[in-house]
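Peer 1: Structure incoming, see below.
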Amino acid sequence: MTVASDPKMIPQNGLLSTEANQAAALAAYGGVLTVDLDAIIANWRKLEKTAVPAECSAVIKADAYGCGAEQVARALGKAGCRTFFVATIEEARTVRAAVPDIAIYVLGGYFQNTGEHYAKINCRPVIGDLNELAEWDVFCRRTGWSGGAAIHIDTGMNRLGLTIAEAQAIIPRINAGDHGITLVMSHLVSAEQLNSQVNAKQLAAFRGIASEFAGVPAALSNSSGIFLGAPFQFDMVRPGAALYGVNPTPEADNPMQQVVDLKARIVQTRNIERGETVGYGGTWTARRPTKLAIVAVGYADGYFRAASSNDGTRGAEVIVAGKRCPVAGRVSMDLIAIDITDLPPNTVRRGHMVTLLGEGITVDELAHHFGTIGYEVLTSLGPRYARVYKGGNVVEPLEKPTPAPAAEQPPSPPPVEQPVSPPPLPT
């Protein structure tokens with residue numbers, strides 16, 4: 001479900017206020033995930049400014065790190081972002097439908113018989129293997145397709161990419177012209193560690209090989225790599241997590257704005273006596289008469305079981321009525337218990353919302369309690385939240401409006417123009 005940020009788009013009932021109508025629309029959901037598209041735009045612009053004169057692209061794979069690829073692509077496209085990276089062709093289809101006039105690279109690589117899919121939506125494979133390159137070459141020769149592709153070179157990750165030797169072997173072919181390669185790239189291993197010796201080794205290796213790809217733009221830096229300085233920025237940078245508020249400089253304060261606000265509903269309050277336990281396994285024991293709020297969120301919603309508390313370990317915290325309150329006991333599939341004993345009487349009632357992310361609780365803080373990284377926190381936020389988008393000039397109606405007569409419908413966007421077919425690729 002997507003709820004409009006514009007109150008005028010919320011279905012209205014003449015007997016209720018706009019706020020009441022929106023509350024009624026959200027009543028079927030245990031939680032609300034709000035994505036601030038203006039914050040994403042601000043983060044992109046900050047990264048763009050930091051990387052000038054390099055182009056600042058945007059990585060929006062995994063549904064834009066759980067924030068909504070369609071909405072994020074549209075907002076960043078309006079803000080001026082011209083290049084996007086995704087993981088799969090299916091993700092590329094979503095982005096192309098949202099923003100028809102930008103470049104899209106697919107990080108997952110090229111497989112035989114997938115060329116037609118790339119051509120149909122005019123997106124570019126990131127090729128990291130000589131077999132992929134040969135298969136892509138065959139497709140281009142057979143069809144005359146000239147949509148472009150990137151070459152991924154491994155400089156130390158040992159995951160995807162041509163080896164340095166393999167990359168050097170294809171340079172004569174690339175420099176012969178009509179090769180269709182629009183980008184050469186690599187990926188940093190430890191960009192978030194400012195003093196890592198691996199960074200310098202990768203930079204030297206990539207600078208050496210990229211310089212031999214005459215006239216082809218180069219890209220090395222992810223979010224953290226941007227902050228390693230100008231030598232790492234080349235012609236393009238590829239921020240991902242930083243766009244969504246994850247700290248790209250964990251050794252310093254976070255320069256990015258928080259993007260996600262996550263709230264969940266209190267379904268019950270209850271009192272227990274000293275010595276009683278809470279949750280599965282009875283691992284948390286009340287040390288005093290305790291008031292609990294039971295909240296409709298759990299590990300099925302991406303609130304990890306690792307955030308649990310027990311008699312020896314304090315777990316995560318949530319914001320209840322403006323105050324931090326600790327998780328009591330184990331996180332279960334659909335519920336958590338919160339100790340609200342220290343709140344003033346009558347402050348909290350069934351139906352109130354508590355804050356899981358926001359109001360000072362950052363993605364990185366929650367990741368610490370989860371024993372993971374901010375990337376996993378964001379991409380794990382489940383489908384059971386109502387999603388609200390604000391800012392970014394995005395209007396997503398809560399319900400699909402009744403279709404207008406054909407004559408009144410806006411014209412369809414023009415089809416993506418196919419590039420002129422190039423000469424055959426040289427052997």
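Peer 1: Looking for whichever is at pLDDT 90 or above and either within 28 Å of the chain's Cα centre (by Cα) or open to solvent by less than 100 Å² (accessible area, probe 1.4 Å) (or both) here; the options are Pro415, Pro383. Which one fits? It would help to see each step written out before you state the result.
Peer 2: Values: Pro415 fails: at pLDDT 90 or above.
That would be Pro383, the only listed residue that is at pLDDT 90 or above and either within 28 Å of the chain's Cα centre (by Cα) or open to solvent by less than 100 Å² (accessible area, probe 1.4 Å) (or both).
Peer 1: Can you name every residue in the stretch 155-178 that is touching a Pro at 6+ places or on another chain (Cβ under 8 Å) and open to solvent by less than 80 Å² (accessible area, probe 1.4 Å)?
Peer 2: Arg173, Ala176, Gly177
Peer 1: Please specify each residue of the stretch 209-228 satisfying the condition of being open to solvent by 10 Å² or more (accessible area, probe 1.4 Å) and either free of Cβ contacts under 8 Å to residues at least 12 places away in the same chain or not small (Gly, Ala, Ser) (or both).
Peer 2: Ser211, Glu212, Gly215, Val216, Pro217, Asn222, Phe227, Leu228
Peer 1: Picking from Ile338, Ile373, Ile319, which residue would you name as being of a type outside the set (D, E, K, R) and touching a Ser or Thr at 6+ places or on another chain (Cβ under 7 Å)?
Peer 2: On the way: Ile338 fails: touching a Ser or Thr at 6+ places or on another chain (Cβ under 7 Å); Ile373 fails: touching a Ser or Thr at 6+ places or on another chain (Cβ under 7 Å).
Criteria check complete, one pass: Ile319.
Peer 1: Cβ contacts < 8 Å: first residue more than 20 Å from Met157 (Cα to Cα) and aromatic (Phe, Trp, Tyr), restricted to the stretch 116-134; second residue open to solvent by 20 Å² or more (accessible area, probe 1.4 Å) and not in a helix (DSSP H, G or I), any location; separation 6+ or different chain. Result?
Peer 2: Tyr118/Arg124; Tyr118/Trp145
Peer 1: Also: Just to confirm my filter: which helices (runs of 4 or more DSSP H) fall fully inside the stretch 67-153 and include at least 3 residues that are within 28 Å of Ala42 (Cβ to Cβ)? Walk me through how you get there before you give the answer.
Peer 2: Details: elements: 69-79, 89-98, 115-121, 130-143.
The qualifying helices (runs of 4 or more DSSP H) are 69-79, 89-98.
Peer 1: Follow-up. Restricting attention to the stretch 11-44, which residues are among the aromatic types (Phe, Trp, Tyr) and either farther than 25 Å from Ala300 by Cα or at pLDDT 95 or above (or both)?
Peer 2: Looking only at the stretch 11-44, we keep the residues that are among the aromatic types (Phe, Trp, Tyr), and these are 29, 44.
Trp44, the sole residue that qualifies.
Peer 1: Which residues, counting only those in the stretch 155-195, are touching a helix residue (DSSP H, G or I) at 6+ places or on another chain (Cβ under 8 Å) and under 17 Å from Gln233 (Cα atoms)? Walk me through it before giving the result.
Peer 2: Keep residues of the stretch 155-195 that are touching a helix residue (DSSP H, G or I) at 6+ places or on another chain (Cβ under 8 Å), which gives 155-156, 162, 164, 166-168, 170, 179-181, 184, 186, 188-193.
Thr155, Val184, Ser186, Leu188, Val189, Ser190, Ala191, Glu192, Gln193 - these are the residues of the stretch 155-195 that are touching a helix residue (DSSP H, G or I) at 6+ places or on another chain (Cβ under 8 Å) and under 17 Å from Gln233 (Cα atoms).
Peer 1: Is it fair to say Glu48 is more than 15 Å from the chain's Cα centre (by Cα) and open to solvent by 10 Å² or more (accessible area, probe 1.4 Å)?
Peer 2: Numbers: more than 15 Å from the chain's Cα centre (by Cα): yes; open to solvent by 10 Å² or more (accessible area, probe 1.4 Å): yes.
Taking the combined requirement at face value, the residue satisfies it.
Peer 1: When Leu133 is evaluated against the numbered criteria (1) open to solvent by 20 Å² or more (accessible area, probe 1.4 Å); (2) over 17 Å from the mean Cα position of the chain (by Cα), which criterion, by number, is the only one it fails?
Peer 2: The single condition Leu133 does not satisfy is (1).
Peer 1: Would you check if Phe232 is open to solvent by less than 60 Å² (accessible area, probe 1.4 Å) and closer than 25 Å to Asn43 by Cβ? Give the steps one after another, and end with the answer.
Peer 2: Numbers: open to solvent by less than 60 Å² (accessible area, probe 1.4 Å): yes; closer than 25 Å to Asn43 by Cβ: yes.
When the stated conditions are applied, Phe232 passes them.
Peer 1: Going by the structure shown, is Val95 more than 30 Å from Lys201 (Cα to Cα), at pLDDT 95 or above and open to solvent by less than 10 Å² (accessible area, probe 1.4 Å)?
Peer 2: On the way: more than 30 Å from Lys201 (Cα to Cα): yes; at pLDDT 95 or above: yes; open to solvent by less than 10 Å² (accessible area, probe 1.4 Å): yes.
So Val95 fits the description; yes.
The values are calculated or read from the model by the stated rules, or taken from the named source; none is laboratory data. None of these values were measured; they are calculated from a predicted model. FYI the Cβ positions are ideal-geometry reconstructions off the backbone, even for glycines, and counts take in every protein chain you see. Keep in mind that these areas ignore ligands, DNA and RNA; they rest on the heavy atoms of the full protein, side chains included. Shrake-Rupley method; radii C 1.70, N 1.55, O 1.52, S 1.80 Å.
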